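Visitor: Here it is, the structure in full.
Bear in mind these aren't lab numbers, they're just calculated from the coordinates by the rules spelled out. Source: prediction; values computed, not measured. Every residue, glycine among them, receives a Cβ derived from its backbone with ideal geometry; neighbour counts consider all protein chains shown.
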């Protein structure tokens, strides 16, 4: 590969690192919590994976790529919350176009970005729901810590979900405690960890 193309790829790797230093600005108005755009993109991709599992007719690889790329331009434009967007939008599409112009896979980046923005395909709708579900999960985590604003924000956020899979997972997020995956009072293994370790040792010896 030509040196200039390798340089462009290297620049891309460094640029996406800026996403880990770019804050999600909606949390400023919420008053608690902090999250980078990179953290948001990662969990959005996992949620997209879940939604595509619940929607087997969707192109899973396409959903995952769109999830990872849908906020790519925010490394250059920053993240604009709803209040910021009311007064002006930075040229995120132009930022994505500028990034794409320098990379060998730029055409794919632009195609996926346009598809996600149009929200016409099944995959794009799943990605938008994944994006919203990530925000709902973040709000829910702040709600259980006592943020009363998060509870009211959840009411409007859940209404934005469009796909059956997204709506199903959204309702589960509202009714499942964020710690349930490890802190289940019905199976309180953490109360007496020595006893739990003993049982496991016995099971391994059988």
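Visitor: Full extension from residue 93 to residue 160: what is 0.36 nm times the residue separation minus their Cα-Cα distance, to one decimal in nm?
Guide: Using 0.36 nm per residue and subtracting the Cα-Cα distance, I get 21.9 nm.
Visitor: Relative to the compact-globule scaling 2.2 N^0.38 Å, provide the ratio for the alpha-carbon radius of gyration of segment 1-115.
Guide: 1.15
Visitor: Output the 0 to 90 degree angle, nearest 10, between the alpha-carbon long axis of helix 193-205 and the longest principal axis computed from the alpha carbons of the chain.
Guide: Rounded to the nearest ten degrees, it is 90.
Visitor: Return the FRET efficiency for the residue pair residue 103, residue 78: r is the Cβ-Cβ distance, R0 is 22 Å, and the value is rounded to the nearest 0.05.
Guide: That pair, residue 103 with residue 78, gives E of 0.55.
Visitor: Something else now. On a full-extension model of 0.36 nm per residue, what is the gain between residue 59 and residue 11, subtracting their alpha-carbon distance, rounded to one decimal in nm?
Guide: Values: separation 48, 0.36 × 48 = 17.28 nm, distance 2.92 nm.
Working it through step by step, the gained length comes to 14.4 nm.
Visitor: Using only C-alpha positions, report the orientation-averaged shadow area of the convex hull of the chain, nm², one decimal.
Guide: About 16.4 nm², averaged over all directions.
Visitor: Can you order the peptides 57-63, 179-185 by their average number of other Cβ atoms within 10 Å per residue, highest first?
Guide: Ranked from most to least packed, the peptides come out as 57-63, 179-185.
Visitor: Further question: For the Cα atoms of the chain, what angle does the longest principal axis make with the long axis of helix 148-158, in degrees from 0 to 90, nearest 10?
Guide: Helix 148-158 sits roughly 60 degrees off the main axis of the chain.
Visitor: For segment 121-163, what is the convex hull volume of the alpha-carbon atoms per residue, in Å³?
Guide: Dividing the Cα hull volume of segment 121-163 by its residue count gives 45 Å³.
Visitor: Nearest 10 degrees, 0 to 90: what angle lies between the long axis of helix 3-17 and the longest principal axis of the chain (Cα atoms)?
Guide: For 3-17 against the chain, the angle is about 40 degrees.
Visitor: Considering every Cα-Cα pair within segment 42-106, what fraction, in whole percent, is farther apart than 13 Å? Kindly include the intermediate steps, with their values, before the conclusion.
Guide: Working: 1428 of 2080 pairs.
For segment 42-106, the fraction of Cα-Cα distances above 13 Å is 69 percent.
Visitor: A further question follows. Hey, any idea what Rg/Rh is for segment 69-154, computing Rh the Kirkwood way over Cα pairs? Could the numbers behind the result be given before it?
Guide: Values: Rg = 15.4 Å, Rh = 14.6 Å.
Reported Rg/Rh, Kirkwood definition of Rh: 1.05.
Visitor: Describe numerically, in nm with one decimal, the distance between label points set 7 Å from Cα along Cα→Cβ at residue 151 and at residue 118.
Guide: In this crude spin-label approximation the distance works out to 4.3 nm.
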